[in-house]
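Notes for the one structure printed next.
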Amino acid sequence: MILKTNDMIHEDCMQCGARLLGRSDKKFCDDGCRNSYHNKRNSNASRVARPVHRNLRLNYTVLSEMIDSGHDQAVLEELTLYGFTEEYHTSSYVNDEGNLVKNVYDVQYRIVKKGRIQFRRISGKRKD
Ligand SMILES: [Zn+2]
């Protein structure tokens, strides 16, 4: 739908609720309200995302340190002591053998028998 500029659409400011006059595509009274609105939205998003990111980063760090010190598997319970949480991963798939394989960034892991976890880096080089 195309609105002509002289179509008077009365909307409320998305931040403070004040009645807006003028241009029909206006969403805020001024830059102050626009900035407050976006800041609040961003901080809500990061409040939700922060603990997830922290767990992903921790998983990545724990697995990376294992890989960098020459390991390709470990006892899952041991990794848990270092803060590894099996649930947090960036993607997953079921491989040809029917095993659930999880990725946390460029590290791949899967739970194998008897509480052991196998892992490997799937990219060529670690990017720091
Ligand atoms: Zn406003």
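The values are calculated or read from the model by the stated rules, or taken from the named source; none is laboratory data. What you are looking at is a predicted structure, and each value in this text was computed from that prediction instead of being measured. Glycine gets a Cβ as well: all are built from the backbone with ideal geometry, and neighbour counts include every protein chain shown.
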Is it true that Arg57 is under 30 Å from Gly83 (Cα atoms), modelled with pLDDT of 85 or more and surrounded by 13 or more Cβ atoms within 10 Å (Cβ to Cβ)?
-> yes
How do the strands (runs of 3 or more DSSP E) wholly within region 64-128 filter down when requiring 3 or more residues that are among the small types (Gly, Ala, Ser): which remain?
-> none
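Given the criteria at pLDDT below 95 and either polar (S, T, N, Q) or touching a Lys or Arg at 6+ places or on another chain (Cβ under 7 Å) (or both), does Asn103 qualify?
On the way: at pLDDT below 95: no; either polar (S, T, N, Q) or touching a Lys or Arg at 6+ places or on another chain (Cβ under 7 Å) (or both): yes.
No: the conditions fail for Asn103.
Rundown of residues vs (1) exposed (fewer than 13 other Cβ atoms within 10 Å of the Cβ); (2) within 30 Å of Thr85 (Cβ to Cβ); (3) at pLDDT below 90, yes/no style:
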residue: Thr5; (1), (2), (3): yes, no, yes
residue: Met14; (1), (2), (3): no, no, no
residue: Asp25; (1), (2), (3): yes, no, yes
residue: Ser36; (1), (2), (3): no, no, no
residue: Ala45; (1), (2), (3): yes, yes, yes
residue: His53; (1), (2), (3): yes, yes, no
